[in-house]
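> Before I ask anything, here is the structure I am working with.
The values are calculated or read from the model by the stated rules, or taken from the named source; none is laboratory data. Remember, predicted model here, so these are calculated numbers, not experimental data. Virtual Cβ from ideal backbone geometry, glycine too; neighbours counted across all protein chains shown. To get the accessible areas, we keep the full protein, side chains included, count just its heavy atoms, and leave off ligands, DNA and RNA. Shrake-Rupley method; radii C 1.70, N 1.55, O 1.52, S 1.80 Å.
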Amino acid sequence: MNWEEAAKLVRQTRKPVITTHEMPDGDAIGAEVGLAEGLRSIGLDPIILNSHPLSPSNEFLQSDGEPLVFDPAHHTELLNAADLFIMVDANFWDRAGTVGEAMAALNKPSLCIDHHFPAAECATINCATIEASSASELIHY
């Protein structure tokens, strides 16, 4: 894993956008929310932006109205203003649906934090290991 490189990349950002796979489950949402809170604690202004809304069983994981659901008409400027894209619990941009495709097309610095096999080289920095039980475990790390 490239945690030192990831930390360096994060220190160079102010407005990261965090996303995860389509139809996010509890691990994906928990990882996003935990990461966003951690980034806020060091003075960054992250946004969580997903392709799909939370399922009713996961709505309790929402934090201050996030994750937002991607709408190109409303969120393209937000993606353009971002200086880092972070994908958790997925290792291919197309797994994140329309928001992932939009992020990939912008070709900005990116970070992937994942625990799935195969660990694809989809981002500028990839922190992936199949030894972790979950993406949330990696965020906690």
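> Quick check on the chain: what does the Kirkwood estimate of hydrodynamic radius come out to from the alpha carbon pairs, in Å?
Numbers: mean 1/r = 0.0684 Å⁻¹.
Across the chain, the inverse of the average 1/r is 14.6 Å.
> Follow-up. Of the heavy-atom accessible surface of the chain (probe 1.4 angstrom), what whole percent is carbon and sulfur? Could the numbers behind the result be given before it?
Numbers: 3810 of 7040 Å².
Carbon and sulfur: 54 percent of the exposed surface of the chain.
> So what is the accessible area of the chain per residue, in Å², with the probe set to 1.4 Å?
Numbers: 7040 Å² over 141 residues.
In whole numbers, the chain has 50 Å² accessible per residue.
> Roughly how many debye, to the nearest 20, is the charge dipole of the chain about its Cα centre, given +1 on each Lys and Arg Cβ, -1 on each Asp and Glu Cβ, and no other charges?
460
> If each DSSP helix of 4+ residues adds -39,500 (n - 2.57) and the sum is divided by the residues in the chain, what number results at 222 nm, nearest 500 deg cm²/dmol? Working shown, then result.
Details: 5 runs with 51 residues, N = 141.
Counting only the DSSP helices, I get -10500 deg cm²/dmol.
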